[in-house]
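Following: one structure in structure tokens, then a few remarks.
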Amino acid sequence: MSHTAEIIAVGTELLLGNIVNTNAQAISQSLSALGINVFWHTVVGDNPERLREALDIARRRADVIITTGGLGPTYDDLTKQTVCGAFGQKLVLHPEILEDIRVFYETSLHVPMPENNVQQAELPENGVIFDNPVGTAPGCAFECGGVHVLMLPGPPHEMSTMLRRHAEPYLRKLSQEVIVSRDIMTFGMGESSVEAMLRDRMTHMVNPTLATYAKPFEVRLRATAKASTEEEARAMLAPVEEMVREALGDIVYGVDVPGLAEACHAQLLRRGMTLATAESCTGGLAAEKITAIPGASRVYRGGVVSYWTSVKGDVLQVPRETLDTYGPVSEPCARAMAEGARRITGADIGVSVTGSAGPDPDERGVPVGIVYIGLAAREGTFCRALDLGRRRRDRIQGLAANHAFDAVRRYLTGLPI
């Protein structure tokens, strides 16, 4: 039997934009893997009347309802009372849960439990209780009239822990199917161009399916299959991945990898090589991306943010003649910067970025969007000249950093830079 779910996030701070609704994303990903279709996301403020309205709508169109938030001890934490009232579930005090909350306060917070926390131990009389080892708000689940209702806490760490420990096992018993997805990552072509190349095949796919998603500065293709077992679903996805690789060629840089920096990190580790960066218009963004990866010190030696022209000359040793004749935003400068990064750090590969990110042309009148990527290695020095157009400054910087990693990725895999 196929199940449909609605996720209801409770919290006025979500509606005000003070926090991002990351819980809905995490729950959706979990339900997808369990073979449960998520058709609706709803956000409701801390208002029992509006929450009751949302529940009345949800129970008419979904047979799995998951709420997150509103399980705390304060006066506006009314999710549990409102949900149980809407479904005719009696709340009763569970002494063992109350004791767990009391112990959490005394051993983890080293303070006595406030009396208003008692309400957190009041749970549906005939429901399944989800303990909370990292917080004070227990969750729960019950079934009423063919609808399964699960209540999870709002703090993301508490929610994700309870989702993994309790909600997923509970829901796994409901579904006879699994949904498996694979993310095929590409760089170097816009979403509309990728979609145009694959449109005829995508529109005729039912199971598996294939869809494009524009990530910042790149395009992800998500292939999804539904089957009775994970192994069967993965076997269904293999020919889809092969078809995409054949259609798009070397703009595909990986499957189920977070980004280009991670793809380069894996290739550098595999080959036992090291990288250094020299950046101007990106202001250290490439270095930030690579050092955010755990274990980056095994492959990344260091970098120079040479924002001033004098730093390009004094630190990276870009020849004065090159700077005077061609300027800091030029192919000769990008080549010399990459060579300098490699030389002063002893890295196997030096990659550089120099360009005009805007909002105005540089001091020599180089238009916004002109960027040069240099790459120096044992075999020689290469350069990629780019015109990224008159985009926002942060867009140019992000694209330029990704082009730097794409150049590294192509060098490491024997592709044209």
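The values are calculated or read from the model by the stated rules, or taken from the named source; none is laboratory data. Because the structure is a prediction, the values reported are computed rather than measured. Quick reminder, even Gly has a Cβ in these numbers, built from the backbone with ideal geometry, and neighbours come from all protein chains shown. What goes into the accessible areas is simple: the full protein's heavy atoms, side chains included, and nothing from ligands, DNA or RNA. Shrake-Rupley method; radii C 1.70, N 1.55, O 1.52, S 1.80 Å.
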Expressed as a whole number of Å, what is the distance separating the alpha-carbon centroids of region 266-320 and region 32-70? 47 Å
Below 8 Å between Cα atoms, with a sequence gap of 6+, how large is the relative contact order for region 71-163 in percent? 27 percent
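When averaged across all projection directions, what area in nm² does the alpha-carbon convex hull of the chain cover?
Result: 24.9 nm².
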According to the square roots a ≥ b ≥ c of the eigenvalues of the Cα gyration tensor, what is the shape class of region 204-359, taking rounded for a/c under 1.5, prolate for a/b larger than b/c otherwise, and oblate for the remainder? prolate
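DSSP beta bridges in the chain, what fraction antiparallel, as a percent rounded to 5? Don't skip to the answer; put the middle values down first.
Working: 44 of 71 bridges.
Among the beta bridges of the chain, antiparallel pairing accounts for roughly 60 percent.
For the chain, what relative contact order do you get, as a whole percent, if you take Cα pairs closer than 8 Å and at least 6 residues apart?
Numbers: 826 pairs, mean separation 43.4, N = 417.
About 10 percent, as a whole number.
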Cα-based Rg/(2.2 N^0.38 Å) for region 316-417, rounded to two decimals, is 1.04
Of the trypsin sites (Lys or Arg not before Pro) in region 12-106, which ones lie in a loop per DSSP and count no more than 12 other C-beta atoms within 10 Å? K90
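For region 39-140, which GluC sites (Glu not before Pro) pass both filters: DSSP loop (anything but H, G, I, E, B) and at most 13 other C-beta atoms within 10 Å?
Loop-located and lightly packed - E125.
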Where does the chain land at 222 nm, in deg cm²/dmol rounded to the nearest 500, when only DSSP H runs of n ≥ 4 count, each adding -39500 (n - 2.57), divided by all residues? -11500 deg cm²/dmol
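On a full-extension model of 0.36 nm per residue, what is the gain between K90 and I417, subtracting their alpha-carbon distance, rounded to one decimal in nm?
Full-extension gain reported as 111.1 nm.
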Here the residues of region 103-121 lying in the modelled label zone of R165, meaning backbone nitrogen under 18 Å from a point 7 Å along Cα-to-Cβ, are 103-110, 120-121
Tell me, what % of the accessible area of region 302-410 is carbon and sulfur with a 1.4 angstrom probe? 48 percent
Extended-chain gain in nm, criterion 0.36 nm per residue less alpha-carbon gap, K173 and A33: 49.1 nm
Environment charge at Q317 (Cβ cut-off 13 Å; Lys +1, Arg +1, Asp -1, Glu -1): +2
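Over all directions, how big on average is the projection of the convex hull of the alpha-carbon atoms in region 372-417, in square nanometres? Display every interim value, and only then the final one.
Numbers: hull surface 12.6 nm².
Averaging across all directions leaves 3.1 nm² for the Cα convex hull.
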Under the classification rounded if a/c is under 1.5, otherwise prolate if a/b is larger than b/c and oblate if not, where does region 193-272 fall, given a ≥ b ≥ c as square roots of the Cα gyration tensor eigenvalues? oblate
List the trypsin sites (Lys or Arg not before Pro) in region 340-399 that DSSP assigns to loop (not H, G, I, E or B) and whose Cβ has at most 10 other Cβ atoms within 10 Å. Which are they? R378
Suppose a student asked you for the relative contact order of region 1-41, using Cα pairs under 8 Å spaced at least 6 residues apart; what percent would you report? 62 percent
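For region 57-185, with all protein chains present and a 1.4 Å probe, just round the carbon and sulfur fraction of the accessible area to a whole percent.
In region 57-185, the share of accessible area belonging to carbon and sulfur is 53 percent.
Assuming R0 = 60 Å, what is the FRET efficiency of D360 and N116, from their Cβ-Cβ distance, to the nearest 0.05? Write out the running numbers ahead of the final one.
Working: r = 57 Å, r/R0 = 0.96.
According to the calculation, E is roughly 0.55.
Per residue, how much accessible surface does the chain expose to a 1.4 Å probe? Answer in Å², no decimals.
Using a 1.4 Å probe on heavy atoms only, each residue of the chain averages 46 Å².
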In Å, the C-alpha Rg and Dmax of region 166-238 are 14.8, 43
